Amino acid sequence: MPEASGPLVSLLAAVPVTVVETHHDPADAVLFPEEEAVVANAVAKRRDEFTTVRHCARTALSRIGVPPAPILPGQRGAPRWPAGVVGSMTHCDGYRAAVVARAGEVTSLGIDAEPAAPLRDPDVLKMIADETERAALAALGARYPDTPWDRLLFSAKESVYKTWFPLTGRWLGFEEARVELDPDGTFSARLLVEGPVVEGVELKVFSGQWIVRAGVTATAIVLPVTAPAAHA
């Protein structure tokens, strides 16, 4: 089931994390009873996503020596990982992925995957991006029209939130982080609110990576324990 060279495997090959991703829902993916209760009344699509992404997560956890356990939604839906583990999960149509790491090596991480296509509703861009971000997207679109920059921005902001929340336990609105996408496959996110304090330092910038591959737009942020690149 796991794929050796999918979008996030390629994106995070040089980072001390374990990635498992798939474009299929395997027939042998199963849930713990506690997880079954969460999706007992869910439609088939939701159940498949929920089941497969946890199958990916447990496969990744096994690779770092962590035994199988339920991965239940916690506060604001964030997954509750086993002690000593940081991780993130994502899914979209035709794709599911999980990334995990030992807490001694990674402080926090966030991943997101979206279809490799422009946002369907133009009003969504107004909701997620300020004037500065929209102007930057227009400039990027003029130079690289084949890249879904608005979708990338949305995905990057999702990865920012998933990285932020385990450090703060607080909501972060789209307007509270300004993302700058670079054509080289990287991005930065400047927090416009008070940042989390990690190892005595307030983090004001998260640095991430992006890729468009195999019909998927994927973004990822990994904060190593020392987090030197994230200090403003």
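The values are calculated or read from the model by the stated rules, or taken from the named source; none is laboratory data. Since this is a predicted model, take the numbers as computed values, not measurements. Quick reminder, even Gly has a Cβ in these numbers, built from the backbone with ideal geometry, and neighbours come from all protein chains shown. For the accessible areas, the whole protein counts, side chains as well, though only heavy atoms, and no ligand, DNA or RNA atoms are used. Shrake-Rupley method; radii C 1.70, N 1.55, O 1.52, S 1.80 Å.
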Subset of segment 129-166 that is of a type in the set (D, E, K, R) and in contact with an Asp or Glu (Cβ under 6 Å, 6 or more places away or on another chain) - its residue that is nearest to D182 (Cα to Cα):
R151
Which one is surrounded by the most Cβ atoms within 10 Å (Cβ to Cβ) among residues in segment 90-107 that are under 17 Å from L223 (Cβ atoms) and not β-branched (V, I, T)?
A101
Checking A37 against (1) open to solvent by less than 70 Å² (accessible area, probe 1.4 Å); (2) more than 15 Å from P79 (Cβ to Cβ); (3) not in a loop (DSSP other than H, G, I, E, B), which test does it fail?
(1)
Could you please let me know if R58 is modelled with pLDDT of 95 or more, of a type in the set (K, R), surrounded by 16 or more Cβ atoms within 10 Å (Cβ to Cβ) and in contact with a strand residue (DSSP E or B) (Cβ under 8 Å, 6 or more places away or on another chain)?
no
Could you tell me whether F50 is without any contact (Cβ under 8 Å) to a residue 40 or more places away in the chain, closer than 21 Å to E114 by Cα and of a type in the set (F, W, Y)?
yes
Name the one entry in G104, G65 that is on the phi > 0 side of the Ramachandran plot and assigned to a loop (DSSP other than H, G, I, E, B).
G65
Just give me the residues in segment 29-45 being farther than 19 Å from A97 by Cβ and either touching a strand residue (DSSP E or B) at 6+ places or on another chain (Cβ under 6 Å) or among the small types (G, A, S) (or both), in sequence order.
A37, A40, A42, A44
The listed residue being without any contact (Cβ under 8 Å) to a residue 40 or more places away in the chain, of a type in the set (D, E) and in contact with a Gly (Cβ under 8 Å, 6 or more places away or on another chain), out of E194, E176, E202:
E202
Between residues in segment 112-128 that are within 21 Å of E176 (Cβ to Cβ) and residues that are assigned to a strand (DSSP E or B) and small (G, A, S), which pairs lie under 8 Å by C-beta distance while being six or more apart or on different chains?
D112/A218; D112/A220; E114/A218
Just to be sure I understand, how many residues within segment 10-33 are under 16 Å from the mean Cα position of the chain (by Cα), of a type in the set (A, V, I, L, M) and open to solvent by 70 Å² or more (accessible area, probe 1.4 Å)?
1
It is to be established whether one or more residues within segment 132-141 are in contact with a helix residue (DSSP H, G or I) (Cβ under 8 Å, 6 or more places away or on another chain) and more than 24 Å from P7 (Cα to Cα).
yes
Do you know which residues across segment 41-55 are under 16 Å from the mean Cα position of the chain (by Cα) and surrounded by fewer than 20 Cβ atoms within 10 Å (Cβ to Cβ)?
none
